[in-house]
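To start, the structure under review is shown below, and the notes come after it.
The values are calculated or read from the model by the stated rules, or taken from the named source; none is laboratory data. Predicted, not measured: the structure shown is a model, and the values here were computed from it. With ideal geometry, Cβ positions are generated from the backbone for all residues, glycine too; neighbour counts draw on all protein chains shown. Areas reflect the complete protein model, heavy atoms only, side chains present, ligands, DNA and RNA absent. Shrake-Rupley method; radii C 1.70, N 1.55, O 1.52, S 1.80 Å.
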Amino acid sequence: MLKLAWKYMRYYKSQTLAIFVSVLLTASLLSGISSLIYSSQKSDLANRKTIYGDWHYYVETDKETYVSVQSGDKGDGYDLEQCGKMEIRDVVSEEFLITFIHADETYRQMAHRELLEGTFPEKENEIAADGYVLSNLGFSGNPGDSLRIGEKDYVVTGVLKSEWAASSSEMEVFVSDSFTGRGSQTFLYLKFDEDKKLYRQLDAFLQEHRISSEAVVGNDEVTQYLGGEKPQSFYDTVKFGLTSEEGNFTYIVLQLQSDYNLAYYGMILLLCLFSLFIVYSVFNISVSKRTSEYAMLQTLGVSEQQIGGTLLLELWMLFLVGYPLGCLLGNGMLSLVYQRFSGVFGEQVLSVADQTLAEGSGGIQFYLSWDAMVFGFVFLLISFALIAFLVVRSMRKQSLKEGMSGDLSFTKRRKIYALRHVNMAGVVVRKFMFANRRKVVGILLSLSIGGCIFLCTTYMVENLKVHAELSLKSDDGLSSEYRIGLKSNSLEDTIPESVADQIKSMPETDQVYATKYTLGEIQLTKGEFLADERWKDFFQYQNEEPYFIQRYAGICNQQEDGTYRIKYDVYGYDDAMMEQLRDYVLEGEILPESIKKENQVIVTANMDGQGNYYFYGKKPGDTITLRVPKPEAYTDDLLKFQSKEENYIEKEFVIAAIVSRPLAQEQDFLNTEVWENAQSIIMTNEQMKENFGITNYSFIHASPAEGAETASVSNQLLQTIRDVPKAVLQDYTSAIETQRNYLNQQQIFFSSIAVILFIISLFHIMNSMNHTILARRKEYGIMRAMGITDSGFYKMILQTGILYGLLADALIFVCYHYIFRRVMDYYMAHVVQFLHVTSTVPNMVLAGIMVLNVVLAIVAVMIPARKMIRENIISEIRR
């Protein structure tokens, strides 16, 4: 069998080459894209470590444990690679909350708090801090100069890298070991062996050192990539999603993504199936050309098993050569491209603090996805055995006589067409095309699959652009290059209206948006709150959070009379920001003048983990009751909304619109580390003044004027807010530029992947249609012998190509609009949770794909037609 397979491969060189190229290209696609995705996840992990710290967990411990645990410790079930130690020596709470900490070198390395200038403190009165902290404390000197904090003067010895999260609620100042404060809290920052499951190592560590699991805080942004939590079993996930009232398909997808990295392994499986489809189609065409020879071998006594073995050996020999070369080609080419598009896979991490920006984590490394290559090898190796079985099985449908005489499917059904006037060329075209319906379906799928993939990718990229821009403004808080806020969680602290006016009048600034803020509470009847029972536990997590219980007495509370009261952020926007909110509208309409005139409000909908929105069954035009603390009687205790009614202002408002997100958000009240995008009520600044007497602002966003220098704008803003208590400046210039570069490269990347898939589909199209035309060369030769001219022959073949193209266009239109687009809408809305799925594929792109399909079909049939015209008619008939 091996010798026979080798003979066939050498004799049918063009067919062998087609199969080999299909294996080579699909292996390149499978290994290259899998390695690309794997590298992106590894780079994203490195990026997360740079932003959030290169540690997995931290625990607060006693002094004895703090001293005894060391980096490199190994115990029963864990391998502690690094252990950073951080001790809080003192806290000063005057204008800002300032924490004095002493840390070892391992902690500073984990937290990326490297020294940029000067030295670390050695004496009791020496400190070091990052530029964000120093500038907002009013320090503008050099290392060696003094800075007053609280009632003491300190010598600044060094400047550190700034944190990415420059808006954190605390400002850290590093001190020496000789510093003595008013107390001590000791923390261990743990980093385990990442090649092993982290949750198992943590459990073993806690048991050995007798530490309560409640004392552990995880670095979730990092550990989510490394098995930081014990995964739910695949069976339990699917069972819950299918049988529980709370479960659904979206739950299964999101849970599998969280526990088993579904996006990565699912893509590997899809690429394997795509590769199998291409190779099977090409191989099936090759075998169909040899049907008569296999039938003759069976007549001579060769069994089906031997023929199947011959086919399998032929496939395996080409696979064993083509697959490694394809992996080498795919990984080699994409590793070169990877550096060019490194922004797609690992953003250059820059601080949003000030001039002391955190630097990127270094060069982006390309990782080989050995899992994908091994899985693809085993999957395709086994699948090829199935292909050989299916091909042999298909031979049984014909008798040996039919097999030896070739493909006679077009003579099985006879019909007389000469009874009326018909276009015989059209009859022949349709007769030849639809003689073998399976082949027609295969060709149409080949023509349409590339177009569908390209349209789906374009559709996602178009919506990705909209989502990224909206998310940049709302979720990331990067609506403007500069944000002036307050390091305070008290409503008493505000930015005077005069300061906002001064910033607006600065020639260096443009698009200045000043926002007013207060905390409010809405009241709902039991029927309103439980309008949809599925949302009854929406605030359960927030109500169990100690911070919210202590400060606000919970977020959502049921009263004695059965009503519900829910805490809400209340914002005042100017007209320009209200206009920008239109991009986030779910229901209703935003008309600033009408909102002010009729005293209406905009509300944000609650969003669950599956991208569903809900606002207690209310619609635009319905009313809500809102109450807020009186500014003149304010104390922090009023935020619990349990004081006397005379300390609050209560009013009823009509809902103008429901939106998915607010634009500018506070950072120190409801939007804490445990809760992002807290629900909010939005009105105009004029309404905040008229309804609640709020005249000053809580934060201001501003952009630099065209041509203005970043350093000059920052200095001017710092000088303007110098006399505003607790005011801080945050510079997002580099972060915005990085995010936008990332988006642009991401669009190019996804479009390039679509083009690669399209090119591979094109190879299959050309091969399939070439075989379809050449399989009828005897019949076409007879027609030429009967007198059809070359131009008439070309017209007939041209008609074939146009018909294939139009049928493929119809299939693309139906599949894209009624199947793939709906699947994409579901995926974008509920899995990746785009803010809005509103964009469509540009008409030019859609029309271009349709025209290109027809052109491809014409080219694919005209090439073999031209080859037949050059051949001798007699030799064509004798084939």
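Okay, residues lined up against (1) part of a strand (DSSP E or B); (2) open to solvent by less than 40 Å² (accessible area, probe 1.4 Å); (3) among the β-branched types (V, I, T):
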site: L464; (1), (2), (3): no, yes, no
site: H467; (1), (2), (3): no, yes, no
site: Y547; (1), (2), (3): no, no, no
site: D569; (1), (2), (3): yes, yes, no
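The listed residues are I773, I802, and the only one of them that is surrounded by fewer than 20 Cβ atoms within 10 Å (Cβ to Cβ) and not polar (S, T, N, Q) turns out to be I802.
Scanning region 178-191 for residues that are out of contact with any strand residue (DSSP E or B) (no Cβ under 6 Å at 6 or more places or on another chain) and at pLDDT 90 or above returns a single hit, S178.
One line per residue, one yes/no per condition, for (1) open to solvent by 40 Å² or more (accessible area, probe 1.4 Å); (2) at pLDDT 90 or above; (3) under 35 Å from the mean Cα position of the chain (by Cα):
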residue	(1), (2), (3)
Y78	no, yes, yes
I88	no, yes, no
H112	yes, no, yes
L134	no, no, no
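With respect to S14, determine if the residue is in a helix (DSSP H, G or I) and surrounded by 17 or more Cβ atoms within 10 Å (Cβ to Cβ). So S14 fails the test. Applying the condition of being out of contact with any Leu (no Cβ under 8 Å at 6 or more places or on another chain), without any contact (Cβ under 8 Å) to a residue 60 or more places away in the chain and among the polar types (S, T, N, Q) to region 212-249 and asking which residue is surrounded by the fewest Cβ atoms within 10 Å (Cβ to Cβ) yields T243. For K42, the requirement of being within 30 Å of I211 (Cα to Cα) and either out of contact with any Leu (no Cβ under 9 Å at 6 or more places or on another chain) or open to solvent by less than 30 Å² (accessible area, probe 1.4 Å) (or both) is not met. Look at (1) modelled with pLDDT of 80 or more; (2) in a helix (DSSP H, G or I) and you find that E492 fails only one, number (2). Is it the case that E589 is of a type in the set (D, E), more than 21 Å from Y697 (Cβ to Cβ), more than 36 Å from the chain's Cα centre (by Cα) and surrounded by fewer than 18 Cβ atoms within 10 Å (Cβ to Cβ)? In short, no. Annotation note: Cβ proximity below 6 Å between a residue of region 139-153 that is without any contact (Cβ under 8 Å) to a residue 24 or more places away in the chain and a residue that is open to solvent by 70 Å² or more (accessible area, probe 1.4 Å) (sequence gap 6+ or interchain) occurs for S146/D153. The listed residues are T525, T515, and the only one of them that is touching a Phe, Trp or Tyr at 6+ places or on another chain (Cβ under 9 Å), open to solvent by less than 30 Å² (accessible area, probe 1.4 Å), of a type in the set (V, I, T) and at pLDDT 90 or above turns out to be T515. Taking the criterion of being among the hydrophobic types (A, V, I, L, M, F, W, C) and surrounded by fewer than 23 Cβ atoms within 10 Å (Cβ to Cβ), the residues of region 671-687 that qualify are V674, W675, A678, I681. Take the residues in region 869-879 that are surrounded by fewer than 14 Cβ atoms within 10 Å (Cβ to Cβ) and assigned to a helix (DSSP H, G or I), then tell me which one is modelled with the lowest pLDDT. Only one residue tops the list, namely R878. Looking at region 767-868, the helices (runs of 4 or more DSSP H) lying wholly inside it that each contain 2 or more residues that are touching a Gly at 6+ places or on another chain (Cβ under 8 Å) sit at 790-815. Within region 472-482, identify whether any single residue is under 21 Å from the mean Cα position of the chain (by Cα), on the phi < 0 side of the Ramachandran plot, of a type outside the set (D, E, K, R) and in a helix (DSSP H, G or I), and answer yes or no. Within region 472-482, one or more residues are under 21 Å from the mean Cα position of the chain (by Cα), on the phi < 0 side of the Ramachandran plot, of a type outside the set (D, E, K, R) and in a helix (DSSP H, G or I).
Of the listed requirements (1) in a loop (DSSP other than H, G, I, E, B); (2) open to solvent by 40 Å² or more (accessible area, probe 1.4 Å), N543 misses just one: (1).
Condition check for G693 on (1) closer than 30 Å to V601 by Cα; (2) open to solvent by less than 10 Å² (accessible area, probe 1.4 Å): one failure, at (2).
Scanning region 143-162 for residues that are modelled with pLDDT of 85 or more, farther than 18 Å from R113 by Cα and either of a type in the set (S, T, N, Q) or open to solvent by 20 Å² or more (accessible area, probe 1.4 Å) (or both) yields G144, D145, S146, R148, K152, D153, V155. Here the condition is being open to solvent by 60 Å² or more (accessible area, probe 1.4 Å) and in a helix (DSSP H, G or I); of D203, D195, D177, it holds for D203 alone. Of all residues in region 250-275, those being open to solvent by less than 20 Å² (accessible area, probe 1.4 Å), free of Cβ contacts under 8 Å to residues at least 24 places away in the same chain and closer than 18 Å to G330 by Cβ number 0. Selection of region 593-641 for residues being closer than 16 Å to I694 by Cβ, free of Cβ contacts under 8 Å to residues at least 24 places away in the same chain and either in a strand (DSSP E or B) or open to solvent by 10 Å² or more (accessible area, probe 1.4 Å) (or both) yields only A633.
Consider region 231-259. How many of its residues are under 24 Å from K196 (Cβ atoms) and charged (D, E, K, R)? Qualifying residue count, region 231-259: 2. Selection over region 640-667 of residues that are among the aromatic types (F, W, Y) and closer than 11 Å to I602 by Cβ gives a count of 1.
Listed here are the residues, each with its yes/no results for (1) free of Cβ contacts under 8 Å to residues at least 60 places away in the same chain; (2) out of contact with any strand residue (DSSP E or B) (no Cβ under 7 Å at 6 or more places or on another chain).
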{"residue": "S643", "(1), (2)": "yes, yes"}
{"residue": "E646", "(1), (2)": "yes, yes"}
{"residue": "E652", "(1), (2)": "yes, no"}
{"residue": "A678", "(1), (2)": "no, no"}
{"residue": "R722", "(1), (2)": "no, yes"}
{"residue": "A727", "(1), (2)": "no, no"}
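Residues in region 227-262 that are hydroxyl-bearing (S, T, Y) and closer than 23 Å to Y57 by Cα: S258, Y260.
The residue of region 45-70 that is most open to solvent (accessible area, probe 1.4 Å), among those that are small (G, A, S) and over 20 Å from D203 (Cβ atoms), is A46. Go through region 525-564 and give me each residue that's over 22 Å from W675 (Cα atoms) and without any contact (Cβ under 8 Å) to a residue 12 or more places away in the chain. Result: G527, L530, E533, Q559, E560, D561.
Restricting H836, H817 to those that are in contact with a helix residue (DSSP H, G or I) (Cβ under 7 Å, 6 or more places away or on another chain) and surrounded by fewer than 19 Cβ atoms within 10 Å (Cβ to Cβ) reduces the list to H836.
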